[in-house]
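What follows is a short report on a single structure.
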Amino acid sequence: MDEINTLFEQRSEAIRAKDLDGLLAFYSPDVVYFDVVPPLQYVGSAALRGRFTHWFEGFDGPIGQELSELTVTADGDVAVASMLIRAGGTLVNGPQISQWVRSTSVCRRWDHGWLITHEHVSLPVDLATGLAARDLTP
């Protein structure tokens, strides 16, 4: 679905630019967000604002965002999108990072367009070590 594909491309642009207000505009006020970092969930736009602010402040310069394998299933006013995202950049404390994460988003069509109501971002775990498998590529 083109509208949903556009939403995620524009969201990636906001992330690359570290545009906090622009990024939050893609999420519903009552969003539930599961991230790769604690706590278990962020609920509501105020909590998400805090999370994204901390994320942006951790990078010196832009945050790289590359979407891959975006798949959208929609029925009426609800859509589910899954994708792989390569995120990276230079951390404030110096190292350059790049890793692929998995993301699944639930979107709802409102009067003014589509918004993300739930998002789950994850990293695969190596069960033998208990560590995130950060070196995988699609």
Of the residues W114, W55, which single one is free of Cβ contacts under 8 Å to residues at least 12 places away in the same chain, surrounded by 17 or more Cβ atoms within 10 Å (Cβ to Cβ) and within 18 Å of Y33 (Cβ to Cβ)?
W55
Just to verify a result, which residue in segment 1-36, among those that are assigned to a loop (DSSP other than H, G, I, E, B), touching a residue at least 60 places away in the same chain (Cβ under 8 Å) and hydrophobic (A, V, I, L, M, F, W, C), is surrounded by the fewest Cβ atoms within 10 Å (Cβ to Cβ)?
M1
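Are any residues in segment 79-136 aromatic (F, W, Y) and touching a helix residue (DSSP H, G or I) at 6+ places or on another chain (Cβ under 7 Å), and if so, which ones?
Of the residues in segment 79-136, the ones aromatic (F, W, Y) are 100, 110, 114.
Passing the criteria: only W114.
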For the structure I just gave you, tell me whether G44 is under 24 Å from G113 (Cβ atoms), in contact with a Lys or Arg (Cβ under 9 Å, 6 or more places away or on another chain) and either without any contact (Cβ under 8 Å) to a residue 24 or more places away in the chain or among the β-branched types (V, I, T) (or both).
no
T53 out of contact with any strand residue (DSSP E or B) (no Cβ under 6 Å at 6 or more places or on another chain), at pLDDT 95 or above and of a type in the set (S, T, N, Q):
yes
Evaluate the following for P39: is it at negative phi and either surrounded by 13 or more Cβ atoms within 10 Å (Cβ to Cβ) or at pLDDT below 95 (or both)?
no
Which residue out of G76, G94 is modelled with pLDDT under 95 and either on the phi < 0 side of the Ramachandran plot or surrounded by fewer than 17 Cβ atoms within 10 Å (Cβ to Cβ) (or both)?
G94
If we scan segment 121-137, do we find a residue that is within 27 Å of S28 (Cα to Cα), surrounded by 15 or more Cβ atoms within 10 Å (Cβ to Cβ), touching a Cys at 6+ places or on another chain (Cβ under 8 Å) and in contact (Cβ under 8 Å) with a residue 40 or more places away in the chain?
no
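The values are calculated or read from the model by the stated rules, or taken from the named source; none is laboratory data. If you're wondering where the values come from, they're calculated on a predicted model, not measured in any experiment. Cβ atoms come from the backbone with ideal geometry, glycine included; neighbour counts cover every protein chain shown.
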